[in-house]
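**Student:** Quick one: structure below, then a few questions.
The values are calculated or read from the model by the stated rules, or taken from the named source; none is laboratory data. Just so you know, these numbers come straight off a predicted model, no measurement behind them. Cβ: placed from backbone, ideal geometry, glycine included. Neighbour counts: every protein chain shown.
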Amino acid sequence: RILILDFGSQVTQLIARRVRESGVYCEVWPFTADAARIQAFAPRGVILSGGPASVTEAGSPRAPEVLFGMGVPLLGICYGQQTMCHQLGGSVESSDHQEYGRAYVDVRHPCALFEGVWAVGAREQVWMSHGDHVTALPDGFRIVATSEGAPFAVVADDARHFYGIQFHPEVVHTPHGAQLLRNFTHGVCGCEGDWTMAAFRAEAIERIRAQVGSGRVICGLSGGVDSSVAAVLIHEAIGDQLTCIYVDHGVMRGGESEQVVATFRDRFNIKLVHRDASELFLGQLAGVTDPELKRKTIGRLFIEVFEEEQAKCGGADFLAQGTLYPDVIESVSATGGPSVTIKSHHNVGGLPENMRMQLVEPLRDLFKDEVRALGRELGMPEEIVGRHPFPGPGLAIRIPGEVTRERVQILQKADAIYLEEIRSAGLYDAIWQAFAVLLPVKTVGVMGDGRTYESVCALRAVTSTDGMTADVYPFTMEFLTRVAGRIVNEVRGINRVTYDITSKPPGTIEWE
Ligand code: XMP
């Protein structure tokens with residue numbers, strides 16, 4: 001396995017993605033990780049990420065000294081290269097010639113990193129993003145590739161297996177970057193690339209059995225990808241020691257509750273408690289129009305109902321959660337400051353710590369698309385494994401203004417038509433999230449010979465890689481008018497449809 005030490009680059013997670021895609025397990029730790037922990041992890045190689053600091057500033061981050069004496073290959077990327085060279089006796093300077101974006105490097109000498117990818121004499125495209133650069137090499141290093149702005153674009157100390165790259169091989173704008181990284185992990189470090197989902201599944205099952213023993217596990221199922229895959233995996237490990245609780249808060253998509261029951265109870269034979277709490281939730285949501293109050297109300301009730309149900313089944317020793325790796329990575333914040341709360345992002349299934357149960361989190365080493373791959377490996381249906389993210393507070397935050405059962409039903413129908421059209425046009429997988437929003441605005445329309453005065457429905461569809469930023473999905477006008485026509489004709493209560501063309505930022509994905 002490979003250890004990645006993070007110096008705060010925006011793209012450190014991409015290094016981890018590339019390494020894992022090549023079948024090698026890796027973890028991302030902050031650069032402050034202590035020596036004993038690093039030695040205990042016993043990595044086959046260590047990658048030092050980029051970062052926003054300047055090596056020339058006093059107090060800027062340094063790589064743990066232990067790395068240089070462990071006899072383990074090192075790869076420094078951007079800031080990682082600079083601090084490595086600085087710490088080993090070279091020098092780094094800030095320069096006026098900053099390089100951001102596409103650049104070209106000239107391959108000067110053979111190097112283990114270039115094996116089978118870059119030939120000596122070639123000029124190759126890369127992605128640069130740096131102000132500082134190395135100006136003198138430590139003993140033992142030689143230059144193997146250069147660029148106009150970075151004469152030390154790639155440097156190597158073959159004896160110690162230390163390598164430094166000024167550009168970013170982890171981003172797609174460096175076309176052969178993934179192969180350069182693979183040459184490091186496989187060629188230099190000798191990793192075999194046998195970390196597959198089948199292997200992960202077998203190991204995870206052993207780990208769950210070892211942790212749980214003969215204890216009982218309870219799992220809050222939301223119908224989303226993460227809790228669903230966690231439940232199926234845990235069930236495979238411990239069978240009926242697992243009970244799932246599905247709390248239907250009445251603001252799910254149409255038909256979703258039936259689908260959850262059919263999938264988990266009927267198909268996977270998992271013990272499932274299905275509690276229809278829609279009366280309770282909709283009752284308490286009556287009159288609530290503030291988005292944050294909606295989230296808080298739903299969050300509070302969810303915990304109440306979940307606790308009630310789990311007491312009814314006699315309690316449990318463990319609580320299963322679908323925590324993912326991005327939630328676990330101890331991130332190095334570039335600014336150090338707290339960020340502004342835009343939305344509280346209540347996650348239904350996010351239960352309070354005082355539930356006094358140990359956590360079982362079998363997905364905490366995985367990225368989202370690895371969870372999807374694991375779900376497929378477990379034989380889960382594509383409708384669940386490939387589905388778009390759905391917010392914990394559900395349709396309540398897609399109905400600005402008051403949420404009533406009637407409005408939920410109107411929205412469910414419009415949303416179902418929209419998604420059906422997206423699926424039949426083969427666009428579902430190209431979109432990060434698509435959904436309808438029911439606006440608290442009435443407009444005048446005409447149908448047949450009559451006047452209508454009904455609600456407006458807004459459609460939203462975005463592409464994104466992590467939900468942090470998003471672009472509007474460019475449907476054809478023909479597609480949009482077809483969906484609008486169907487919604488207005490088939491859903492009573494809606495007489496006008498609009499398409500939201502706001503990216504994030506400045507918009508957010510959800511309307512509330
Ligand atoms: P925004 O609207 O903040 O959404 O751009 C980013 C992603 O987060 C989801 N989202 C939520 N998920 N509870 C959740 O579990 C919430 O309260 C919540 N609010 C937004 C949203 O669907 C998108 O995927």
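**Student:** Go through the range 468-512 and give me each residue that's surrounded by 16 or more Cβ atoms within 10 Å (Cβ to Cβ) and within 11 Å of the ligand (Cβ to nearest atom).
**Tutor:** A470, K504, I509, E510, W511, E512
**Student:** Pairs please, first residue from the range 98-120 and free of Cβ contacts under 8 Å to residues at least 24 places away in the same chain, second anywhere and of a type in the set (D, E, K, R) and surrounded by fewer than 17 Cβ atoms within 10 Å (Cβ to Cβ), Cβ atoms under 8 Å, 6+ apart in sequence or on different chains.
**Tutor:** V120/R108
**Student:** Scan the range 79-94 and give yes if some residue there is among the charged types (D, E, K, R) and over 32 Å from the mean Cα position of the chain (by Cα), otherwise no. I'd like the intermediate steps shown before the answer.
**Tutor:** Quick first cut of the range 79-94, residues among the charged types (D, E, K, R) only: 93.
Of the ones still in play, those that are also over 32 Å from the mean Cα position of the chain (by Cα) are 93.
The answer is yes, given that some residue of the range 79-94 is among the charged types (D, E, K, R) and over 32 Å from the mean Cα position of the chain (by Cα).
**Student:** Taking N495 as the residue in question, decide whether it is in contact with an Asp or Glu (Cβ under 7 Å, 6 or more places away or on another chain), at pLDDT 95 or above and over 20 Å from P389 (Cβ atoms).
**Tutor:** Yes; evaluated as a whole, the condition is true for this residue.
**Student:** Right, here's the next one. If K442 satisfies all but one of (1) assigned to a strand (DSSP E or B); (2) in contact with an Asp or Glu (Cβ under 9 Å, 6 or more places away or on another chain); (3) within 16 Å of the ligand (Cβ to nearest atom), what's the number of the condition it fails?
**Tutor:** (3)
**Student:** Residues to consider are A277, A262, A231, A286; find the one that is within 26 Å of the chain's Cα centre (by Cα) and away from the ligand (no atom under 16 Å from the Cβ).
**Tutor:** A231
**Student:** So is G250 at positive phi and in a helix (DSSP H, G or I) or not? Before the answer, list the steps.
**Tutor:** Values: at positive phi: yes; in a helix (DSSP H, G or I): no.
So G250 does not fit the description; no.
**Student:** Which numbered condition in (1) modelled with pLDDT under 95; (2) among the polar types (S, T, N, Q); (3) over 19 Å from L180 (Cβ atoms) is the only one that T12 fails?
**Tutor:** Here T12 clears every test but (3).
**Student:** Within the range 229-251, how many residues turn out to be surrounded by 23 or more Cβ atoms within 10 Å (Cβ to Cβ) and either basic (K, R) or under 23 Å from A416 (Cα atoms) (or both)?
**Tutor:** 4
**Student:** Among the residues in the range 450-458, are any within 16 Å of the ligand (Cβ to nearest atom) and outside any helix (DSSP H, G or I)?
**Tutor:** Yes, because at least one residue in the range 450-458 is within 16 Å of the ligand (Cβ to nearest atom) and outside any helix (DSSP H, G or I).
**Student:** Let me ask something else. Any idea which of (1) surrounded by fewer than 23 Cβ atoms within 10 Å (Cβ to Cβ); (2) on the phi < 0 side of the Ramachandran plot; (3) outside the structural domain of A122 (by TED's automatic domain parsing) is the one G213 doesn't satisfy?
**Tutor:** Condition not satisfied by G213: (2).
**Student:** Among the residues that make up the range 332-349, is at least one of them touching a helix residue (DSSP H, G or I) at 6+ places or on another chain (Cβ under 6 Å), more than 16 Å from S222 (Cβ to Cβ) and at pLDDT below 95?
**Tutor:** The answer is yes; a qualifying residue exists.
**Student:** Identify all residues within the range 376-421 that are away from the ligand (no atom under 16 Å from the Cβ), aliphatic (A, V, I, L, M) and either without any contact (Cβ under 8 Å) to a residue 40 or more places away in the chain or in a helix (DSSP H, G or I) (or both); write none if there are none.
**Tutor:** Correct list: I384, V385, V408, I410, A414, A416, I417.
**Student:** A further question follows. Looking at L285 and the list (1) at pLDDT below 95; (2) buried (at least 18 other Cβ atoms within 10 Å of the Cβ), which single condition is not satisfied?
**Tutor:** Of (1) at pLDDT below 95; (2) buried (at least 18 other Cβ atoms within 10 Å of the Cβ), only one is false for L285: (1).
**Student:** Go through (1) outside any loop (DSSP other than H, G, I, E, B); (2) farther than 20 Å from P43 by Cβ and name the single condition A150 misses.
**Tutor:** Of the numbered conditions (1) outside any loop (DSSP other than H, G, I, E, B); (2) farther than 20 Å from P43 by Cβ, the odd one out for A150 is (1).
**Student:** T12 - would you say it is under 19 Å from the mean Cα position of the chain (by Cα) and of a type in the set (S, T, Y)?
**Tutor:** Considered against the rule, which asks whether it is under 19 Å from the mean Cα position of the chain (by Cα) and of a type in the set (S, T, Y), T12 comes out as yes.
**Student:** Now a separate question. Six or more apart or on different chains, Cβ under 6 Å: which pairs go from a residue in the range 181-195 that's modelled with pLDDT of 95 or more to one that's buried (at least 21 other Cβ atoms within 10 Å of the Cβ) and among the hydroxyl-bearing types (S, T, Y)? Could you list them?
**Tutor:** Taking only residues 6 or more apart or on different chains, the pairs are C191/T185.
**Student:** When the range 300-331 is examined, which residues are found to be within 24 Å of the chain's Cα centre (by Cα) and either among the polar types (S, T, N, Q) or outside the structural domain of V273 (by TED's automatic domain parsing) (or both)?
**Tutor:** Q321, T323, S331
**Student:** Follow-up. Just the residues that are at pLDDT 95 or above and either outside any helix (DSSP H, G or I) or of a type in the set (S, T, Y) (or both), please, taken from the range 196-220.
**Tutor:** Those that are at pLDDT 95 or above and either outside any helix (DSSP H, G or I) or of a type in the set (S, T, Y) (or both): G213, S214, G215, R216, V217, I218, C219.
**Student:** Would you point out which residue out of G23, G59 is free of Cβ contacts under 8 Å to residues at least 40 places away in the same chain, surrounded by fewer than 19 Cβ atoms within 10 Å (Cβ to Cβ) and outside any strand (DSSP E or B)? Spell out how you get there, then give the answer.
**Tutor:** Numbers: G23 fails: free of Cβ contacts under 8 Å to residues at least 40 places away in the same chain.
Among G23, G59, only G59 is free of Cβ contacts under 8 Å to residues at least 40 places away in the same chain, surrounded by fewer than 19 Cβ atoms within 10 Å (Cβ to Cβ) and outside any strand (DSSP E or B).
**Student:** Oh, and also: Taking the range 440-462 as the region of interest, how many residues are surrounded by 16 or more Cβ atoms within 10 Å (Cβ to Cβ) and either within 25 Å of the chain's Cα centre (by Cα) or farther than 23 Å from I397 by Cβ (or both)?
**Tutor:** 5
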